[in-house]
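**Q** Here you go, one structure.
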Amino acid sequence: MGLFGRKNDTATVTAPAQDASVTVSPELAALTGDYTIDPAHSTLGFVARHAMVTNVKGSFLDVSGTLHLDGSDPSRSTASLDVRMDSIDTGNADRDGHLKSADFFKTEEFPEMTFRSTEVRALGGDDYRVTGDLTILGTTKPLSIDLEFNGSATDPFGNERVGFEGKAELQRSEWGLTWNAALETGGVLVSDKIKLNFDISAIRA
């Protein structure tokens, strides 16, 4: 099956979502419910181009949020994500300090980045697109995240889990993140385009 379960050979029904050609398994209903993101097994990573020649990777270590999954109609699912900006980690303390400063995230003034979904669209198979409002530095703009459903399982402690991985791209200047430095050879020190990577494990509430 799709986002809320794996494909199988059982009969399928058409989901009452935006795309009538997308089918879902009847077993999807079993996964309908509310879930809490497990921060110990979830990662929000990012990639930025540095000096036009290499990539710098990092992540946010303090991520929380909730999901509501609707197995019979994925378009009614929702997602909420909260990120503590001072949890940024690029593996370099000086760089992390610069990113927390007034040049970038101003973490003392704007301690959180948030995402609130406004639409979930089934793309077919295990693929979905979640669109929502991303707020950084007090500026809110739309962002679309392409997600793949990785399945569901009950862990050894009895927790019912669902997993997703996804990606998105944004232009940081649209959220007021405009600091940069010119290079003698042309170009700038930090790319405007930022790639986001999501690995999410969520537990049924």
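Values quoted throughout were computed directly from the atomic coordinates according to the rules given, and no laboratory measurement underlies them. The structure displayed is predicted, hence computed values, not measured ones. FYI the Cβ positions are ideal-geometry reconstructions off the backbone, even for glycines, and counts take in every protein chain you see.
**Q** How much length is gained if the chain between Thr54 and Glu174 is pulled fully straight, taking 0.36 nm per residue apart and subtracting their Cα-Cα distance, in nm to one decimal?
**A** Between Thr54 and Glu174, full extension yields an extra 40.9 nm.
**Q** Which links in Lys106/Lys195; Lys141/Lys193; Lys57/Lys141; Lys167/Lys195; Lys100/Lys167; Lys100/Lys141 stretch past 18 Å when you go from one Cα to the other?
**A** Beyond 18 Å: Lys106/Lys195; Lys57/Lys141; Lys100/Lys167; Lys100/Lys141.
**Q** Percent of alpha carbon pairs in the stretch 101-173 separated by more than 17 Å?
**A** 58 percent
**Q** Right, something else. Defining a contact as two alpha carbons under 8 Å apart and six or more residues distant in sequence, what relative contact order in percent does the chain show?
**A** Taking the mean separation of contacting Cα pairs over the length of the chain, I get 24 percent.
**Q** Taking the Cα centre of the chain as origin and charging only Cβ (+1 Lys, Arg; -1 Asp, Glu), how large is the dipole, in debye to the nearest 20?
**A** 300 debye
**Q** Ok, one more. Along the principal axes of its C-alpha atoms, what lengths does the stretch 31-109 span, in descending order and rounded to whole Å?
**A** Its Cα atoms span 47, 30, 21 Å along the three principal axes.
**Q** When only alpha-carbon atoms count, how far does the chain stretch along each of its three principal axes, as whole angstroms with the largest first?
**A** 62, 37, 28
**Q** What FRET efficiency, computed as 1/(1 + (r/R0)^6) with R0 = 35 Å and r the Cβ-Cβ distance, is obtained for Thr114 and Asn159, rounded to the nearest 0.05?
**A** Rounded to the nearest 0.05, the efficiency is 0.90.
**Q** Percent of alpha carbon pairs in the stretch 68-138 separated by more than 17 Å?
**A** Cα-Cα pairs of the stretch 68-138 separated by over 17 Å account for 55 percent.
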